[in-house]
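Asker: Quick one: this structure, given as structure tokens, is what I'll be asking you about.
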Amino acid sequence: MKWMAMVLSVCLLLTALAVPAGAVDMQIGGKSALLMDIGTGTVLYEQNAHEKLAPASVTKVMTMLLIMEAIDSGKIGWDDTVTASEAAAAKGGSQVYLKVGETMTVTDMVKSIAVSSANDCACAMAEHIAGSEAGFVQLMNQRAKELGMNDTNFVNCTGLDDDPAAKEHVTSAYDIAIMSRELMKNHPDIQKFTTIWMDTVRNGAFGLANTNKLVRFYPGATGLKTGFTSGAGYCLSATAQRDGLGLIAVVMGCESSQQRFAACKQMLDYGFANFAQVEPEVTEGTVPVRLGKKDSVKAVPAEPVQLLIDKAQSNQVQVKTVLEESVAAPVSKGQRLGTLTVQVGEQVLLQVPMVAQEGVEKLTWSDLFIMVLRRICMARGE
């Protein structure tokens, strides 16, 4: 039932916003573009968002996502030592010039990937996690499928297109936003690296400079990843946050680096100027329980009450909760007990089920006998 509530929430949200994605006239440069809200996944602007294109090093958003998932699951650790193979050391393009047999910690590898788009470190990490780059690519495509990235096919972990097979390495602005959202929303530690402007590895001997210039020049920037090859053109997935609102701007196939930064800045500016992330205050209620081992059960929202609205409506949000008058035991945890409605005036923006915070067992015959006996004793004054 939860997925139905989520679908309903998204549909109501889009209705409330009344801004069809792509309806805004923004003359964005590049072959495709998209603006997405990180909190809800709502698309706020799109231009050829599902066109399958070469992503260049924006590919590494998925590489970093799998690394972060491996770290969070305990499969690998930040202090683990990673050894560069011959294949990793031979990677061209952006790199930190790993030598065969050279070792670095996972921390420095991730830093090098996030800040300087190091292809050699991306390959080394792929091998460290999956045993080979090919094995890691299988994981990339599997994760893409799980996330609903239907426009995507990865053939490597770097985005390099210097081999014939790389012609099949494609994704879309929409899919890039999907994996960027997954990374930034569920793995906030990555921002320790994606927000670095300049740093070093190898004990200060090798300097890193962020390829994403918005990190320094755009207020609220939190990342994320640039990309360029002659075949892909200039690409960028840029993330930023202000006043609790997080946005992802993606552009692909730009003619210059300046054009990609200008395009993402324009989309981000539009998003921050027109939308607000709202988490209205929710009053939790209680519902009486009939014939239960507890007299009542607390009703809480089934999911976080978070929505994206027109900025002009941000101070007009109202929350109403309607709960059952009572419920018969047994009550299971997560059982629906009512509905929470968020609205502006008469316009409904969001509806979320109110559910039981915990289970309540039904009274047994033995419990009932003891209860009746106690009441009789109390009535007699015994």
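Asker: Pairs please, first residue from region 190-201 and closer than 11 Å to Ser116 by Cβ, second anywhere and of a type in the set (Val, Ile, Thr) and at pLDDT 95 or above, Cβ atoms under 7 Å, 6+ apart in sequence or on different chains.
Answerer: From residues that are closer than 11 Å to Ser116 by Cβ, the pairs are Phe193/Val110; Phe193/Val115; Ile196/Val115; Asp199/Val115; Val201/Val96.
Asker: Here are the criteria: (1) surrounded by fewer than 18 Cβ atoms within 10 Å (Cβ to Cβ); (2) touching a residue at least 12 places away in the same chain (Cβ under 8 Å); (3) among the polar types (S, T, N, Q); (4) in a helix (DSSP H, G or I). Tell me which single one Ser180 does not satisfy.
Answerer: (1)
Asker: Next question. List every residue pair whose Cβ atoms lie under 6 Å apart, where the two residues are 6 or more positions apart in sequence or sit on different chains, the first residue falls within region 103-124 and is over 17 Å from Ser85 (Cα atoms) and hydroxyl-bearing (Ser, Thr, Tyr), and the second residue, located anywhere, is at pLDDT 95 or above and in a strand (DSSP E or B).
Answerer: Going by the 6 Å Cβ cut-off, the qualifying pairs are Ser116/Leu208.
Asker: May I pose another question? Could you tell me which numbered condition Ala70 fails, if it satisfies all but one of (1) assigned to a loop (DSSP other than H, G, I, E, B); (2) of a type in the set (A, V, I, L, M, F, W, C); (3) surrounded by fewer than 20 Cβ atoms within 10 Å (Cβ to Cβ)?
Answerer: Ala70 satisfies all of (1) assigned to a loop (DSSP other than H, G, I, E, B); (2) of a type in the set (A, V, I, L, M, F, W, C); (3) surrounded by fewer than 20 Cβ atoms within 10 Å (Cβ to Cβ) except (1).
Asker: Yes or no: Leu307 within 30 Å of Ala238 (Cα to Cα), open to solvent by less than 50 Å² (accessible area, probe 1.4 Å), hydrophobic (A, V, I, L, M, F, W, C) and at pLDDT below 85? Give the derivation first.
Answerer: Details: within 30 Å of Ala238 (Cα to Cα): yes; open to solvent by less than 50 Å² (accessible area, probe 1.4 Å): yes; hydrophobic (A, V, I, L, M, F, W, C): yes; at pLDDT below 85: yes.
So Leu307 passes the test.
Asker: Would you pick out the residues in region 73-104 that are in a loop (DSSP other than H, G, I, E, B), within 29 Å of the chain's Cα centre (by Cα) and aliphatic (A, V, I, L, M)? Working first, answer last.
Answerer: In the first step, residues of region 73-104 are kept if they are in a loop (DSSP other than H, G, I, E, B); the result is 73-80, 84-85, 90-102.
From what's left, within 29 Å of the chain's Cα centre (by Cα): 73-80, 93-96.
The answer is Ile76, Val96.
Asker: Are there any pairs with C-beta distances below 9 angstrom linking a residue in region 212-231 that is over 28 Å from Lys167 (Cα atoms) to a residue that is in a loop (DSSP other than H, G, I, E, B) and open to solvent by less than 10 Å² (accessible area, probe 1.4 Å), with the two at least 6 apart or on different chains, and if so which?
Answerer: Matching pairs, first to second residue: Arg216/Asn210; Ala221/Asn212.
Asker: Here are some residues: Val319, Val305, Val342. Which one is part of a loop (DSSP other than H, G, I, E, B) and under 21 Å from Leu245 (Cα atoms)?
Answerer: On inspection, the qualifying residue turns out to be Val305.
Asker: Taking the stated definitions as given, is Ala173 hydrophobic (A, V, I, L, M, F, W, C) and without any contact (Cβ under 8 Å) to a residue 12 or more places away in the chain?
Answerer: no
Asker: Quick one: count up the residues across region 141-173 that are under 21 Å from the mean Cα position of the chain (by Cα), surrounded by fewer than 23 Cβ atoms within 10 Å (Cβ to Cβ) and assigned to a helix (DSSP H, G or I).
Answerer: Of the residues in that region, 6 qualify.
The values are calculated or read from the model by the stated rules, or taken from the named source; none is laboratory data. Computed from a prediction, not measured in an experiment: that's the story for all the values here. In this analysis, Cβ positions are derived from the backbone assuming ideal geometry, glycine residues included, and neighbour counts consider all displayed protein chains. We work out accessible area using only protein heavy atoms, side chains counted, and drop any ligands, DNA or RNA first. Shrake-Rupley method; radii C 1.70, N 1.55, O 1.52, S 1.80 Å.
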